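Working notes for the structure below.
The values are calculated or read from the model by the stated rules, or taken from the named source; none is laboratory data. Every value quoted in this text rests on a predicted model; they were computed, and no experiment measured them. Cβ: placed from backbone, ideal geometry, glycine included. Neighbour counts: every protein chain shown.
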Amino acid sequence: MPKYGMTIDLDRCTGCRSCMVACKIENNTTQNAFWMYVFRLEEGKFPDTKISFLPRPCQHCDNAPCVKVCPVGARYKREDGIVATDWDRCIGCRYCEVACPYGVNSFNYKDPKKSQYMDWEDPDIQVATAGAVPSWANPSLNEKYGSENRSIAGSNHIKGVMEKCTFCVQRVEKDMLPACVDTCPTHALQFGDLDDPDSAPSVAIKEKDGFKLLEDRNTQPRVTYLGSPFGPGAREIERPSVKD
Amino acid sequence: MRGFLTILTILAGVVLAVVSYFFMAAPLGQSTNESFSNPRVPFAATGFVIGVALVFISAIVYEVLPESDSESV
Amino acid sequence: MATLTNIPVLPYGVGRIRRGWIASAAVLLIIFVVGVFAYSRQFIHGEEVTGLFDVGTRGGAPWGLYVVFVVYFVGVSTGLMLIGIVAELLKIGHMRSITRIAEGLAIISLILGALSVIVDLGQPLRGIIGFFQYARPMSPFFGTFTLVVSGALFASVVYLFLTVRPDAAILAKRKSGLATFYKWWASGYQDTPAERARRERSSIWLAFGILPLRILAYSTLGFVFGLQVGRPGWQSALQAPGFIILAVVSGAALLILVAAAARRIPGARDELSIPTFSWMSNVMTVLLVVYLYFLLAELLTTGYTSTEASWRVTDSLLTGQYAVLNWVSIGMLVLATGMGGWQMVMRNYSLSMMVAAGGLVTISAILQRYLIIVPSLTTGALLPYKEGTYAPTLIEYGVVVGLVALGALMFLAFLKLVPILEIQKEND
Ligand code: SF4
Ligand code: SF4
């Protein structure tokens, strides 16, 4: 059984947000959901300012508060370390979202098909598309994964359930890299088996000092950041406009 | 008889609650694999609820059971 | 019993439907239907019709009014049950007359609490089965679900069933449309010395069973918040005890309001006398002082020892977006404490003043829950997300008001089935 983990080299990240886009395309996430989010941060006072970037996927914590609190075991830890959400079992209590210190969860407040960038079921739009399948609809998200065959991949399923980054379980189980890792133009993101000393993240960890995000919360993340953390008083420069 | 049945109900309730909490529901402790997300016996939580309920039903058993002739207070 | 012809067959308006009752029930029913309509919108369209949003990039609160009322309803229920049982256990003379109101209300508000949970879920139908099928002891919700909703509800119903049983036996002997119902309820109770002795003994045992269960159950609800590493402002050892104190305070406040209204029930006025109310008012006042002390202690500890994030939460309460709500709420609590304290010192109790204090505390207790739950979600982010906001929508208000109306309807029905005061006494 592999022990999946990710490294994020902050010195390499240019804040281009390609990973955010790749994630959206792979997982068909809705307009308001950013399973991968890149903070663009600023510290200090003009002219003594410092810019930094912080990609933030789900940390797939080993001691995950979200897993602990899920009342029905819909949010669970797989043996390979992926923290998954079973949208067939989730009752939509949003406790996991409240418990997560990193704010990575997104809830389907409405039918996700209606909060895509375009509602393909809208009759007006169907005039143009002639009822075609949305070009982006990723069929592998509807398959079941893992030893227990559970519905855990991707977004865009039903309303009233929780969703979040899955480490692209539908790709990882087919020996591909998560979409964000595959896309990053500067190779800031690395993904692989942490038990294998030659895997990309293991090598990266050996070469550079790292830290875990909010280490003091004892969540034991599977994501390791390389380089130095943002300083106190860091603030977001801008954020994508969020609308329904 | 009355006392015996009452205590029996309480005991049955406590045992059912304890057993379903510790041995039938999903295991306690830090989750390391899929098994922590599933109850070991389905509907174990219902067992716990019934157990707690039984403890209180004992009061009904104690009070409502019809008097027998041989009985003193 | 000499003037049997003058008194109705069943006491305290039980079984008799009057015009006023029908009018109130009709109004409540309409409000309830409006609530059902509001909920139907949410059921069909999802929770986008509420003011709830994700934390993080969206800057919202995933828990809002519904969770506030889960905590409020279950709290009131806990408080009422504690008051009722302690009064019965200690045989506090003046309090005997309100124990039954307290027990009835406790059951009703527990049902409302359970419904508020369901209303909050994104997948309500799944939730009802899912809890029974999958509930995991690791989740603090397990305790809330099993102990509060099932255990406590069940225990309270058993308790009410047994305490009313002697009364039901008396009423079953009178000729009325409800005689069969009471006969079933009395289930063979004959008021023999042996049965009385058993009643006495089992009420004590039940009390000793229910008290810890209730305290434990409500503490688990406190843990739902108190054990969270990810939410500054919630993680506090005072969370659980503070929850219990506020529960009893809000229970006493609601009891004062309902008991004052119940004085209009024929024959109840003499029993629900000023000493009864003053006793409740004193309980409320003393515990209010304790609660205010808790608030202060909490504030000082976060003020001196806190991290940046939890200070941000506190600051939003003191000077930020929740400051107005917070200070109004605290002002109301202080005012109510003052009113109660004044009456206690002067030994001169006025019903209208106690009712006013009860009203203030009830509103403020709801606000307090809001101020515990929401600010930590919107302003307690640990990563540099922007500050969020939450404003409940009309749908949410509609659903909550509908739930309250449903509770009032249930209480009206309760009044017509169960004598609101013990009748055993009059036969003694
Ligand atoms: S980052 Fe949040 S959602 Fe992801 S595993 Fe940790 S607690 Fe759970
Ligand atoms: S929202 Fe779903 S996954 Fe999250 S805690 Fe509730 S049931 Fe579990």
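Scanning the stretch A:60-84 for residues that are closer than 28 Å to A:ILE25 by Cβ and surrounded by fewer than 24 Cβ atoms within 10 Å (Cβ to Cβ) yields a total of 3. Tell me, which residue of the stretch C:34-47 that is surrounded by 19 or more Cβ atoms within 10 Å (Cβ to Cβ) and in a helix (DSSP H, G or I) is nearest to the other protein chains (Cβ to nearest Cβ)? Checking each candidate, the answer is C:GLU47.
Taken over the stretch B:1-44, the residue count meeting the criterion of being within 17 Å of the chain's Cα centre (by Cα), among the small types (Gly, Ala, Ser) and not in a helix (DSSP H, G or I) is 1.
Of the residues making up the stretch A:33-55, just one is surrounded by fewer than 24 Cβ atoms within 10 Å (Cβ to Cβ), within 16 Å of ligand 1 (Cβ to nearest atom) and of a type outside the set (A, V, I, L, M, F, W, C), namely A:PRO55.
Here B:LEU16 fits the description: more than 9 Å from every other protein chain (Cβ to nearest Cβ), under 24 Å from A:GLY73 (Cα atoms) and crowded, with 16+ Cβ neighbours inside 10 Å. Every condition in (1) surrounded by 18 or more Cβ atoms within 10 Å (Cβ to Cβ); (2) out of contact with any Asp or Glu (no Cβ under 6 Å at 6 or more places or on another chain); (3) modelled with pLDDT of 95 or more is met by A:SER199 except one, and the failing one is (2).
Residues that are in contact with a Ser or Thr (Cβ under 8 Å, 6 or more places away or on another chain), within 21 Å of A:LYS77 (Cα to Cα) and either at pLDDT below 90 or more than 7 Å from every other protein chain (Cβ to nearest Cβ) (or both): does the stretch B:52-60 have at least one? Within the stretch B:52-60, none of the residues are in contact with a Ser or Thr (Cβ under 8 Å, 6 or more places away or on another chain), within 21 Å of A:LYS77 (Cα to Cα) and either at pLDDT below 90 or more than 7 Å from every other protein chain (Cβ to nearest Cβ) (or both).
All told, C:VAL68 falls short of being modelled with pLDDT of 90 or more, more than 13 Å from the chain's Cα centre (by Cα) and surrounded by 23 or more Cβ atoms within 10 Å (Cβ to Cβ). A search for C-beta distances below 8 Å between a residue of the stretch C:111-136 that is closer than 15 Å to A:GLY73 by Cα and away from chain A (no Cβ under 11 Å) and any residue that is hydroxyl-bearing (Ser, Thr, Tyr) and in a loop (DSSP other than H, G, I, E, B), counting only pairs 6+ apart in sequence or on different chains, returns nothing.
Just to verify a result, which residue in the stretch A:185-244, among those that are more than 20 Å from the chain's Cα centre (by Cα), among the aliphatic types (A, V, I, L, M) and not in a helix (DSSP H, G or I), is farthest from the other protein chains (Cβ to nearest Cβ)? Step by step, filter the stretch A:185-244, then rank; the result is A:ILE237. Condition check for A:ASP119 on (1) more than 29 Å from C:ARG136 (Cβ to Cβ); (2) in contact (Cβ under 8 Å) with a residue 12 or more places away in the chain; (3) more than 12 Å from chain C (Cβ to nearest Cβ); (4) not basic (Lys, Arg): one failure, at (2).
Condition check ((1) assigned to a loop (DSSP other than H, G, I, E, B); (2) farther than 16 Å from C:GLY75 by Cα; (3) β-branched (Val, Ile, Thr)) across all residues:
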| site | (1), (2), (3) |
| --- | --- |
| C:ILE108 | no, no, yes |
| C:PHE131 | no, yes, no |
| C:ARG136 | yes, yes, no |
| C:PHE154 | no, yes, no |
| C:LEU162 | no, yes, no |
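For C:SER139, the conditions (1) touching a Gly at 6+ places or on another chain (Cβ under 6 Å); (2) within 14 Å of another protein chain (Cβ to nearest Cβ) are fulfilled apart from (1).
Within the stretch C:198-210, residues that are aromatic (Phe, Trp, Tyr) reach partners that are assigned to a helix (DSSP H, G or I) with beta carbons closer than 8 Å, at six or more positions or on different chains, in the pairs C:TRP205/B:ALA59.
Scanning the stretch A:53-97 for residues that are over 18 Å from C:VAL229 (Cβ atoms), in contact with a strand residue (DSSP E or B) (Cβ under 9 Å, 6 or more places away or on another chain) and near ligand 2 (Cβ under 10 Å from one of its atoms) yields a total of 10. When the stretch A:91-112 is filtered for residues that are away from ligand 1 (no atom under 13 Å from the Cβ) and either in a loop (DSSP other than H, G, I, E, B) or surrounded by fewer than 22 Cβ atoms within 10 Å (Cβ to Cβ) (or both), the ones remaining, listed by number, are A:ILE91, A:GLY92, A:CYS93, A:ASN108, A:TYR109, A:LYS110, A:ASP111.
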